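The values are calculated or read from the model by the stated rules, or taken from the named source; none is laboratory data. All values derive from a computational prediction rather than experimental measurement. For neighbour counting, all protein chains shown are included, and Cβ atoms are generated from backbone atoms with ideal geometry for every residue, glycine included.
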Amino acid sequence: MFTTTAKSLYSTVATLGLTRAQVRKLLPAWWVPEAEKHRDGIAELAMHLSRRLSIDLRSLLAGKIQPKGAVSNLAFKHRVNVDGSSLSAATYIASSLAQAILSALPSKYTPLPEGPMMLQSAVRKVGDGFLGFESLLALCWKHGIPVIPLPNLPVGVRKMDGAVLQVRNRPVIVIAKKKSSRAWLSFILAHEMGHIALGHLKPGSTIIDVSLQETTTYATDSSNDQQEADADAFALKAMGGSDVKSVISNWPSDLSPVELAVSARQASQRTKIEAGHFILRHAFDSKRWADAVSALGFLREDLDPESILLSHLKAHLDLELVAEDLQDMVQQVTGWNRPESRA
């Protein structure tokens, strides 16, 4: 006998930290609560929840959460004292998006270069010699690795900074951190690429980078997790390594934010490495984070990374090939309809 109710379904997914209001934000735009009063509507609600949260339908109907796909094996990587379970909802949603988008992509996956210097060379090649956020993105997509922005989760759902998922034997990267700086997201992206290139990702698994914050990012010796330290080191080398270090070591310690921006732009022109990266590396050495944030604000070329993420997603994904019942979710969570503005 079918005894599942809408209330029991909402109660079950509440164990992921989702309220009824948050769940309804993930449902199709045409969904009406009135349907939840009827048996067929309850069954359809269960199907939508299963597909949007990467959980097994039969288990959900029995009142249990049984993850499927990339969330069947989760690893939360901590930089600060954050409970990984608080990110369960975002992680399950990200897994559903990754599966929906991969199913609609015709491109095949080819492995990334294993070494950071080889990766840097490949990034510069696709970026006409330039090493930065857009060229990192271009290389990922060239290798069949989707990079999915996650700006619009339901209000109140806590997000990770970044994640890399293994879906059907190929990786997917999620960038969820809200930052107005391309350089910040470059490091997160290079870090996730490091996890992939170094073989940290296993079949059916997900690595969640809980928080890559100012005082710990770029600190390759600050984490007790060796995989995190290795991914950090990989990212730093791929983003210029000792070349960047040698430049910032010659900067006076009392540069103003405007002077930092000017020095970074000059260094970028010489090395063809994004200017913001020099500022962030300098900030880690000097601990002048407030000045670094101000300096980044003077770099127009460092602004609005969300438009870059979205433009690459749109360029490679035909939304009509996404399963019809998931198209609106892809649009909503990724910000698909956000106006694009290019610097």
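Observations on the model:
- In the condition set (1) modelled with pLDDT of 95 or more; (2) under 21 Å from Trp141 (Cβ atoms), Leu299 is compliant with all but (2).
- Against the list (1) crowded, with 20+ Cβ neighbours inside 10 Å; (2) outside the structural domain of Glu134 (by TED's automatic domain parsing), the condition Ser294 fails is (1).
- Scanning segment 128-142 for residues that are more than 29 Å from Ala89 (Cβ to Cβ) and in contact (Cβ under 8 Å) with a residue 12 or more places away in the chain yields Gly129, Phe130, Leu131, Gly132, Glu134, Ser135, Ala138, Leu139, Lys142.
- A count restricted to segment 1-22 and to residues that are hydrophobic (A, V, I, L, M, F, W, C) and in contact (Cβ under 8 Å) with a residue 40 or more places away in the chain stands at 6.
- If you check Leu185, Leu150, Leu139 for being farther than 27 Å from Ser268 by Cα and of a type in the set (A, V, I, L, M), only one passes: Leu150.
Quick grid of which residues meet (1) touching a residue at least 60 places away in the same chain (Cβ under 8 Å); (2) part of a loop (DSSP other than H, G, I, E, B); (3) surrounded by 17 or more Cβ atoms within 10 Å (Cβ to Cβ); (4) among the aromatic types (Phe, Trp, Tyr):
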site: Ser242; (1), (2), (3), (4): no, no, no, no
site: Trp251; (1), (2), (3), (4): no, yes, yes, yes
site: Leu260; (1), (2), (3), (4): no, no, yes, no
site: Ala267; (1), (2), (3), (4): no, no, yes, no
site: Gly276; (1), (2), (3), (4): yes, no, yes, no
site: Arg281; (1), (2), (3), (4): yes, no, yes, no
site: Ile308; (1), (2), (3), (4): yes, no, yes, no
site: Ser311; (1), (2), (3), (4): no, no, no, no
site: Asp328; (1), (2), (3), (4): yes, no, yes, no
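- Annotation note: Cβ proximity below 6 Å between a residue of segment 164-176 that is in contact (Cβ under 8 Å) with a residue 40 or more places away in the chain and a residue that is of a type in the set (Phe, Trp, Tyr) and not in a strand (DSSP E or B) (sequence gap 6+ or interchain) occurs for Arg170/Tyr109.
- Residues of segment 196-211 that are farther than 14 Å from Thr91 by Cβ and either in a helix (DSSP H, G or I) or not small (Gly, Ala, Ser) (or both): Ile196, Ala197, Leu198, His200, Leu201, Lys202, Pro203.
- Residues in segment 214-226 include at least one that is out of contact with any helix residue (DSSP H, G or I) (no Cβ under 6 Å at 6 or more places or on another chain), at pLDDT below 95 and outside any loop (DSSP other than H, G, I, E, B).
- Criterion (out of contact with any His (no Cβ under 7 Å at 6 or more places or on another chain), within 14 Å of Glu134 (Cβ to Cβ), aliphatic (A, V, I, L, M) and in the same structural domain as Leu185 (by TED's automatic domain parsing)) met by exactly one of Leu309, Leu317, Leu321: Leu309
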